[in-house]
Amino acid sequence: MLEPIPAGAYIYPMTMLTRLLAPAALLVASLLPAGAAPIPLDAISDYMNGMRTAESKFTQVNADGSISTGTLYIKRPGRMRFEYDPPEEALVIAGAGAVAIFDPKSNGGPETYGLNRTPLKLILDDNMDLSRANMVTGHREEGPSTVLRAQDPEHPEYGNIELVFTGGPQEGAPVELRQWVVTDEAGSQTTVILGELQTGVNLGDSLFSIRRETARRGGN
């Protein structure tokens, strides 16, 4: 059973996650006329809550300026998996209320900590309720995109996530999640740019099992 991470031990694994998962420009340039309205919050909520499973290629801009690529799997609520392309050998899994970072250079088990201590929890919740007081701290039009900044209203010290969407009523097109930027409690930023996001895919629970992956790697 995964043990809770003591408060004093939290900074190190979060720093690792920031490296694995640097500020970057938004995915798209400004194309719409000034003053275009952002996608309404209720439309974003409906889109996110309707997304139960998803798969996408991704490009990640790391804190040291390097770039990683790979495949992302999402199974809401609470599950996410980052598989990195070679030569990167790390793996990140969110599942069972925890986030685990598997580092092939480590002789021990994965670094783990609570999912609720990362802003990624907000998009993995069973119900993304953007009407909660103090959850949405930014909501703006950015060219053809809508940028939504959200935080855990009960723990704003855990950081925030900026989600970038395209489409919506003003475009006459479906809402699509294109990118996110996570700012952790130390102020470090990580950008993940999505490729074509396929939703409604069939994903087995074993993809998100930290215990299974730990056993497969010979860990405890």
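The values are calculated or read from the model by the stated rules, or taken from the named source; none is laboratory data. Source: prediction; values computed, not measured. Virtual Cβ from ideal backbone geometry, glycine too; neighbours counted across all protein chains shown. What goes into the accessible areas is simple: the full protein's heavy atoms, side chains included, and nothing from ligands, DNA or RNA. Shrake-Rupley method; radii C 1.70, N 1.55, O 1.52, S 1.80 Å.
Amide H of Gly143 versus every other amide H placed in the peptide plane: which residues, excluding those fewer than 5 positions away on the same chain, fall under 5 Å?
Placed amide hydrogens put Leu31, Leu32 under 5 Å from Gly143.
Across 10 Å bins from 0, what is the distribution of all Cα-Cα pair distances for the stretch 128-177, in whole percents?
26, 48, 23, 4
Which whole-Hz ³J(HN,Hα) couplings does the stretch 183-191 yield from phi under the Karplus relation 6.51 cos²θ - 1.76 cosθ + 1.60, θ = phi - 60°, glycine and proline marked x?
Along the stretch 183-191, the couplings run 10, 8, 5, 8, x, 6, 10, 9, 10 Hz.
How far apart, in nm, are the 7 Å Cα→Cβ label points at Val136 and Lys57?
3.3
I'd like the trypsin sites (Lys or Arg not before Pro) in the stretch 86-165 restricted to DSSP loop residues with at most 14 other Cβ atoms within 10 Å, sorted by number.
The qualifying sites are Lys105, Arg132.
Show me 37-45, 75-83, 168-176 ranked by packing, highest mean number of other Cβ atoms within 10 Å first.
For the peptides 37-45, 75-83, 168-176, the packing ranking is 75-83, 37-45, 168-176.
Using the Karplus equation 6.51 cos²θ - 1.76 cosθ + 1.60 (θ = phi - 60°), what ³J(HN,Hα) coupling, rounded to whole Hz, does each residue of the stretch 97-107 give in order, writing x for Gly and Pro?
Those phi angles translate into x, 9, 10, 10, 10, 9, 10, x, 7, 8, 8 Hz.
Given q = 0.20 Å⁻¹, what are the Debye log10 I(q)/I(0) values for the stretch 52-189, with equal point scatterers placed on the Cα positions and solvent ignored?
Computed log10 I(q)/I(0) values: -1.46.
R0 = 45 Å: FRET efficiency of Ala173 with Asp64, Cβ-based, nearest 0.05?
Taking R0 as 45 Å, the efficiency between Ala173 and Asp64 is 0.80.
In what order, largest first, do Ile161, Ile193 sit by accessible area if the probe radius is 1.4 Å?
Numbers: Ile161 0, Ile193 40 Å².
Final ranking, largest accessible area leading: Ile193, Ile161.
Given the options Pro77, Ser145, Thr118, identify the residue whose Cα lies farthest towards the positive end of the charge dipole of the stretch 43-180 (+1 on Cβ of Lys, Arg; -1 on Cβ of Asp, Glu).
Pro77
So for Thr71, Thr199, what's the accessible-area order with a 1.4 Å probe, most first?
Ranked list, largest accessible area first: Thr199, Thr71.
List the extent of the Cα atoms of the stretch 111-220 along each of their three principal axes, largest first, rounded to whole Å.
In descending order, the Cα extents are 51, 34, 24 Å.
If one computes the Cα centroid of the stretch 69-99 and of the stretch 159-220, what distance in Å separates the two points?
Taking the Cα centre of each part, the stretch 69-99 and the stretch 159-220 sit 8 Å apart.
Could you run the Karplus curve 6.51 cos²θ - 1.76 cosθ + 1.60 with θ = phi - 60° over the stretch 110-126 and give me ³J(HN,Hα) per residue in whole Hz, x for Gly and Pro?
x, 6, 10, 7, x, 4, 5, 9, 10, x, 4, 4, 4, 8, 9, 4, 4
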